[in-house]
1. Scan segment 106-113 and give yes if some residue there is outside any loop (DSSP other than H, G, I, E, B) and closer than 20 Å to residue 210 by Cβ, otherwise no.
2. Kindly check whether there is at least one residue in segment 73-80 that is closer than 23 Å to residue 239 by Cα and without any contact (Cβ under 8 Å) to a residue 12 or more places away in the chain.
3. Considering 136, 165, which residue is among the charged types (D, E, K, R) and buried (at least 18 other Cβ atoms within 10 Å of the Cβ)?
4. Which ones in segment 21-60 are surrounded by fewer than 18 Cβ atoms within 10 Å (Cβ to Cβ) and within 13 Å of ligand 1 (Cβ to nearest atom)?
5. Among all residue pairs at least 6 apart or on different chains, which show Cβ distances below 8 Å where the first residue, located in segment 56-69, is assigned to a helix (DSSP H, G or I) and the second is near ligand 2 (Cβ under 8 Å from one of its atoms)?
6. Do we find a residue being more than 24 Å from residue 236 (Cβ to Cβ) and basic (Lys, Arg) anywhere in segment 97-113?
7. List the number of the failed condition for residue 73; all other conditions in (1) modelled with pLDDT of 95 or more; (2) closer than 26 Å to residue 222 by Cβ; (3) assigned to a strand (DSSP E or B); (4) not polar (S, T, N, Q) hold.
8. I need the full set of residues from segment 192-233 which are in contact with a Gly (Cβ under 9 Å, 6 or more places away or on another chain), farther than 22 Å from residue 163 by Cα and not hydroxyl-bearing (Ser, Thr, Tyr), in order please.
Amino acid sequence: MFIEEKIDAKKDHGESNQVPMAEARELCKSFDGQQVLNGLNLQVGREENLVLIGKSGAGKSVLFKCLVGLMRPDSGKAWLFGKDISSLNYKDLNRIRLQVGFLFQGAALYDSMTVGENIAFPLRQHNRRIRESEVKDAVQEVLEQVGLPEAVNRMSSELSGGMRKRIGLARTLVTHPEFMLYDEPTTGLDAVTAREISELIRQLQQEKKISSLVITHDMACARIVSDRIAVLKEGSIRAEGTYEQLHASEDDWVKPFFDTSF
Ligand SMILES: Nc1ncnc2c1ncn2[C@@H]1O[C@H](COP(=O)(O)OP(=O)(O)OP(=O)(O)O)[C@@H](O)[C@H]1O
Ligand SMILES: [Mg+2]
């Protein structure tokens, strides 16, 4: 649907495979003298799932916002699909954001709408000339992707937390993002549902080639979805590696993330 409008990183970089999905270089951000990001560097590769962990208040959500231009860093730069987002005008920034899917905590659905209407909403917003038959097909396709093919006529207010999360994800997927940002996708869910959501994120990457940056405190989720984990501490990435590598870390401040004994 947005094919012809998509910003093509290849135009700016000869070798597109070398261009990360997202990149932060030397990002700094402070609020009222409190330095939250302090020269942070990070890359999310093509078709990669990167999990970001860090204590509450470490600056994970601030980093997310800086990466997609919802917040301006004090210094440093953020790139999306090879584009320096600080150099984009409003129209280009909006266009590039269409290629990014966001799933924020609480996945706010419109309770007064059916599931189908909720999912159709962003489609109609981004393409006002879309035909009803196309909307119907697109809604059904994403409902099947998230494992809820029968839910189209349900009222959103009747859904369980796990179903809301899936529908929130379906609503994001309907505009075909290439890169997903998940902020705490499993928070508030029981262990079984959390696992199902984590496996869905993994499956989307493997089958649809959608890479992701996932913020989570849920290490079972991190284990399932991650190709790589980055640990944010005191404003910068202080450790990076696979789940197994970090799990075996001897660092006193990495260990507690993997300690399930408390
Ligand atoms: N718009 C803002 N104005 C002032 N301070 C802010 C703003 N946004 C974030 N902060 C501060 O920046 C710090 C990092 O916040 P952030 O939301 O990124 O934490 P987090 O790592 O996402 O934490 P959590 O795991 O609890 O979600 C916090 O001290 C927060 O109060
Ligand atoms: Mg946060």
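The values are calculated or read from the model by the stated rules, or taken from the named source; none is laboratory data. Just so we're clear, the structure is a prediction, and the values are computed from it rather than from any experiment. Note that each Cβ is placed from the backbone with ideal geometry, even for glycine, and that neighbours are counted across all protein chains shown.
1. Kept after step one, since they are outside any loop (DSSP other than H, G, I, E, B), are these residues of segment 106-113: none.
Scanning segment 106-113, I find no residue that is outside any loop (DSSP other than H, G, I, E, B) and closer than 20 Å to residue 210 by Cβ, so the answer is no.
2. First, pick out the residues of segment 73-80 that are closer than 23 Å to residue 239 by Cα: 73, 75-80.
Remaining after also requiring without any contact (Cβ under 8 Å) to a residue 12 or more places away in the chain: none.
So far as segment 73-80 goes, no, none of its residues is closer than 23 Å to residue 239 by Cα and without any contact (Cβ under 8 Å) to a residue 12 or more places away in the chain.
3. 165
4. 28, 30, 31, 32, 33, 34, 35, 38, 55, 56, 57
5. 60/183; 60/215; 61/183; 61/215; 64/183; 64/215
6. For segment 97-113, residues more than 24 Å from residue 236 (Cβ to Cβ) and basic (Lys, Arg): present.
7. For residue 73, the exception is condition (3).
8. 227, 228, 229, 230, 231, 232, 233
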